[in-house]
Amino acid sequence: MTEIIQKVKNLSIGFKSKKGEEILILRNISTNIKKGETVGIVGESGSGKSTLALAMMGYVKHGLYTIGGECEFNSSNLLKMKNRDLEKIRGRKIAMIPQNAGQALTPNLKIGYQIDEALQLHSDLNEEEREQKISELLNKVRLPSPETIALRYPHELSGGQQQRVAVAMALAGTPDLLLLDEPTTGLDVTTQAHVLELLNFIAKDTGTSMVYVSHDLGAIAQVSDRIIVMYSGEIVLEGPSRDILKKPIHPYTYGLLKSIPKLSLAGLPQSMPGSQPQPGTMYRGCSFFDRCDFSEEKCKNNSPQLEYLEELNTSVRCFNYKSLMNHSQVNQTVNKIKTSLEDKEILNLSEVSISYAKQKLLDQVLNRISDDNPTVKDININIKKGETIALVGESGSGKSTILKSIAGLLRTKGGIIKFDQNRNLSSDLKERDPNDLRIIQLIFQNPDESLNPNHTVEEIIAQPLKLYFGLKSEELKKNIIDLLQKVRLGEFYMSRYPRQLSGGEKQRVAVARAFAAKPDIILCDEVTSALDVSVQAAVLNLLQQLKEDFGTTYIFVSHDLAVVRAISDRVAVLYQGRLCEVGPSKDVYQFPSHPYTEVLLGAVLEPDPDIKPKLVAEDIVEEKPPQKGCSFQGRCSRILGDICKSEIPPWQITESGNSIRCHIPLKELQKDQIN
Amino acid sequence: MLFLIIKRILLGLITLFIVSLITFVGTEILPGDACTTYLERQAFGEQLEACYRRLGLNVPAYERYVSWAVNAIQGDFGYSLSGEMPIKEVLGPRIKNSLVLASAAIFIGIPIALILGIVTALWRDKLPDVAISTVTIFAMTIPEFISATLLILIIAIWLEWLPGIVIVPTDVSFLELLPNIILPVIAIAMIMTAHMARMVRSSVIQVMASEYVQMAILKGVPYWKMVFKHVLPNALLPAINVVALTIAWLLGGVVVTEVVFNYPGLGRLVIESISNRDLPTVQALAIILASIYVSINLLADLMTLMLNPRLKTLQIRK
């Protein structure tokens, strides 16, 4: 019997609503964390997973309070402890690695000081030893030149480096238990894979227990021994990692796994209907009842208890888990995407370059472009009507910059953007006529920010209808209802405000707004990355359906290669504002690949403990594209030598029509990459 | 960094130039001029001509502006009309008096405002916050002419502790002035402190809710250490600009308070010279007040730049 390090018993946490009702965020949670194990807590936003992790440190956020139960650590209840006593446990016995290290490091204090502070509080080392230890810790989290990093301020580091500093800070007190709250969310794919690998190494190296909280089953799969699945403030499934990911016996987990797009499977995964109930929603039966494919009559009025199954070492909260046990594997079915490609070019980017550098006064007068190394350069893409083309790359790859220029938000520095073979769209917004504006619409990443919080859904969708088509009264209303139905929202949504909608519903409104203009091209900027996993598939399916109905062309920007794989016909891979590879989706995802595509593909985290990410290149952050040669020379593990540094690589075209821009001959690339 | 400072100073000078132009043009457009005001009914014929010659008003406007500007840069603003004395001499003691009043209000008001703001934020929604916040909101909403009058009524008239209005010569010595400024300072400090305390409170509350403060708590940093190391430096940074604006406002003459207390500062001079149509003095005042605003804001911006590591590196890199 292994030692239990933290015992959560019947924990309920909640808040008082304005009406004075008690609303529960966590409902009667009990679980144990054993010494040396890594437990993954997975759930959607609002499932209570972060609240649970914070409670394990005896911390309850402002506005929330403990209703009942305890978090027992060293046989004392953390939730009843005085602050003074908690200070001796926090950071020393239990440490936290926060979600967003950029926000969690104090901006006015140097990195070295912030780690030193933890050492001063939680160790007996003298100043010299502490200095030594800081270097040691920074070294351990694999930060280059620890001495200089210690003297920097948080904002001078990249996202991945900040996250590593947060890990070093947590390790400073040599804690017995590490709590990780979405530690890799918000990092680039490659950085994410590297940080996860580091965390795995630390878990093995120090024998620390970890609680890893995330919405991302892919990340959880890479680190956890055991997984707890939370839904609506309850544990719905808890068991060994492998069993949960391979043979989930709770319908929610089953549906979740089915709705995640996979690299190996092109096409759109099936979506789960509905969304998680808001805290405080009253229901008598199972909280998952509305969305469940396996529900029965009794689920409606009776809520199932968490049942422990000895033979599987798994706890499950479902009446019907036995019928799921018969499913041997999650058999994912996908809807193949249908594309009716017309052989008509709708948008042509030729030799486009975009620069953020401000023109100097003299250059402005002479009307010339001085930046010889612009952020985005040499972009040549032909987009056919009805096609979905995806732009992929890490942050800083210029994918959003290109979208902005197509939308007219950013003027191009050179090259031509041509719509429908004759209309020149190289100008910015001010010079475009209303029809040019209508034909291209944008859907943004975060619907919370792209929808005006003071407008009702009706007003939001009415705007483009009034602006472009001058619709009024009855006709306007009819059109709005029509559009809402198209995005599968009922008429009653018209009077609602964005804050009264769930994340998925908000994004549907944003989609409806884009389609209201009857555009030819829709630019989708990371449209699913702010959404919960179970909702993501539904939005993707909706976009696909609308495209088939209207023949719209999508330009889809995303960092998530699995999502891109699911929805796009063609993919363009960008690094530092330069194209690396362009080709039909299925070919880009197969070797031979551009070395950068290979890095990206290797870093994808799949919700399968058997598929480990392959880390091909270092996750260095380059600030500027190189002056000459291949854009990827700084990170490429296959670099040939001087030729890569001096000459821009040629386009090589594979038999299937995939273009790769690399000096290495295709045959050699293929040979190396398959091994 | 040096480049930035020079750039900001240049921008400030341009601002001053524009202000001087506007006031000059403004006074030109107004019907009548210094001589017609001065001579009143005798403003015709030989006498008017003589006056124009004496004051140099018989040359084109742009020439007058240039000669005025050249003199102003050297500190010579010409002659005041009312007393026929150099404006320099009129301004000197007024500036001194305003400085005394302003610095007294600053030295009393700002520390109190900081303490009140921090206390209310740290004990948010608890008794100290509720009590202090009620008082500060109250103090903020009472206009200073009411509070000043009430102060005079209670302390000067009923209790007879301090003089109610200032009846001293303009160029009185500092020590003699001191008892006279207590009531004006209280009247000004009340409203100023209340405003600043509210500002500091919201800034501290905002920082207290930040992720890095939560992280500091979860790191086991003791409460007061967290407040002093992690909260205050970040919360007080935005306060610098507000403090600067307040100081500029104070120096620029707290017109209402000075008038109520009959205090011989810049604010009262503004009112006096406007009602006397003493245009050269008005011009001089406009330039001086503008330079006070410009220089104090410049100072505040530079201070923020120095103290905020984020801005500092950003500027250096540029």
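All of the numbers you see were taken from the coordinates with simple rules; none came from a lab. Fair warning: this is a prediction, and the values are worked out from it, not measured in the lab. Here the Cβ positions follow ideal geometry from the backbone for every residue, glycine too, while neighbour counts run over all protein chains shown.
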**Study point:** FRET efficiency for residue B:159 and residue A:88, using Cβ-Cβ distance with R0 set to 45 Å, rounded to 0.05
**Key:** 0.25
**Study point:** Projected area averaged over orientations for the range A:94-174, convex hull of C-alpha atoms, nm²
**Key:** 4.7
Review point. Which peptide among A:178-187, A:409-418, A:298-307 comes first, and what is the full order, when sorted by highest mean count of other Cβ atoms within 10 Å?
Key: A:178-187, A:409-418, A:298-307
Exercise for review: Within a 10 angstrom radius of each residue's Cβ in A:99-106, how many Cβ atoms of other chains show up on average? Whole number is fine.
Suggested key: 5
Revision key, fill the gap. Everything considered on the Cα gyration tensor (a ≥ b ≥ c; rounded for a/c under 1.5, else prolate if a/b is larger than b/c, else oblate), chain B must be described as oblate
Practice item. Name the shape class, rounded, prolate or oblate, that the alpha-carbon gyration tensor gives for the range A:86-132, where a ≥ b ≥ c are the square roots of its eigenvalues, rounded holds for a/c under 1.5, and otherwise prolate holds if a/b is larger than b/c and oblate otherwise. Key: oblate
Review point. Quick one: helix B:61-73 against the long Cα principal axis of chain B, what's the angle to the nearest 10°, folded into 0 to 90?
Key: 50
Exercise for review: Measure off 7 Å from each Cα along the Cα-to-Cβ vector at residue B:275 and residue A:243, then give the distance between these two points in nanometres to one decimal.
Suggested key: 9.1
**Study point:** FRET E, pair residue A:270, residue B:11, Förster distance 56 Å, beta-carbon r, rounded to 0.05
**Key:** 0.40
Revision key, fill the gap. Ranked on Cβ counts within 10 Å of their own Cβ, fewest leading, A:460, A:235 go A:460, A:235
Review point. Shielding of A:112-125 by partners, i.e. mean partner chain Cβ atoms within 10 Å per residue?
Key: 2
Point to revise | Shape of the protein assembly as shown, Cα gyration tensor, a/c cut at 1.5 | key: prolate
**Study point:** chain A - percent relative contact order, Cα under 8 Å, separation 6 or more
**Key:** 13
Check your understanding: Which residues' amide hydrogens lie under 5 Å from the amide hydrogen of residue A:41, considering only partners 5 or more residues apart or on another chain, with H built in the peptide plane?
Key -> A:212, A:213, A:214, A:228
Review point. Residues of the range A:577-604 with amide nitrogen under 16 Å from the 7 Å Cα-to-Cβ point of residue A:529?
Key: A:577, A:600-601, A:603-604
Check your understanding: For the Cα atoms of chain B, what angle does the longest principal axis make with the long axis of helix B:239-251, in degrees from 0 to 90, nearest 10?
Key -> 30
Revision key, fill the gap. Most exposed to least, judged by fewest other Cβ atoms within 10 Å, A:250, A:122 sort to A:122, A:250
Review point. Taking the Cα-to-Cβ direction at residue A:651 and at residue A:623 and moving 7 Å from each Cα, how far apart do the two end points lie in nm?
Key: 3.3
Check your understanding: For residue A:151 and residue A:103 in the same chain, what is the full-extension length gain: residue separation times 0.36 nm, less their Cα-Cα distance, in nm?
Key -> 15.4 nm
Exercise for review: Mind sorting B:224, B:249, A:651, B:68 by how few other Cβ atoms lie within 10 Å of their own Cβ, fewest first?
Suggested key: B:224, A:651, B:249, B:68
Practice item. Please name whichever of A:68, A:183, A:167 sits farthest to the positive end of the charge dipole of the protein assembly as shown, dipole taken about the Cα centre and charges placed at Cβ: Lys and Arg +1, Asp and Glu -1. Key: A:68
**Study point:** Distance from the range A:621-652 to the range A:491-531 (C-alpha centre basis), Å
**Key:** 40
**Study point:** For chain A, size of Cβ-based charge dipole, Lys and Arg +1, Asp and Glu -1, in debye
**Key:** 1120
Practice item. Given the peptides A:379-387, A:109-117, A:472-480, arrange them by the average over their residues of other C-beta atoms within 10 Å, most packed first. Key: A:109-117, A:379-387, A:472-480
Study note, to complete from the structure: Dividing the helical contributions, -39500 (n - 2.57) per DSSP H run of n ≥ 4, by the residues of chain B yields a 222 nm value, nearest 500 deg cm²/dmol, of -24000 deg cm²/dmol
Review point. Working out 0.36 nm times the residue gap between residue A:351 and residue A:409, then minus their Cα-Cα distance, what length gain in nm do you get to one decimal?
Key: 19.0 nm
Check your understanding: Once both labels are modelled 7 Å past Cα along the beta-carbon direction, what's the residue B:228-residue A:472 spacing in nm?
Key -> 7.0
Check your understanding: Using the Karplus equation 6.51 cos²θ - 1.76 cosθ + 1.60 (θ = phi - 60°), what ³J(HN,Hα) coupling, rounded to whole Hz, does each residue of the range A:633-641 give in order, writing x for Gly and Pro?
Key -> 3, x, 10, 5, 8, 10, 4, 8, x
Practice item. Pop the C-beta distance of residue B:47 and residue B:103 into the FRET formula with R0 = 51 Å and round what comes out to the nearest 0.05. Key: 0.65
Practice item. Give the residue from B:134, B:182, B:158 lying farthest towards the positive end of the charge dipole for chain B; charges sit on Cβ (+1 for Lys and Arg, -1 for Asp and Glu) and the dipole is referred to the Cα centre. Key: B:134
Check your understanding: Pulled fully out, how much extra length does the chain show between residue A:125 and residue A:18, if you take 0.36 nm times their separation in residues and subtract their Cα-Cα distance?
Key -> 33.6 nm
Review point. Per residue of B:205-216, what is the mean number of Cβ atoms on other protein chains within 10 angstrom of that residue's Cβ?
Key: 5
**Study point:** Residue-wise HN-Hα coupling along the range A:508-515, computed from phi with Karplus coefficients 6.51, -1.76, 1.60 (Hz; x: Gly, Pro)
**Key:** 5, 4, 4, 5, 4, 4, 5, 6
Check your understanding: Of all DSSP beta bridges in the protein assembly as shown, what percent run antiparallel (nearest 5)?
Key -> 60
Exercise for review: Pick out, in residue order, every one of the chymotrypsin sites (Phe, Trp or Tyr not before Pro) in the range A:547-600 that is DSSP loop and has at most 12 other C-beta atoms within 10 Å; say none if there are none.
Suggested key: none
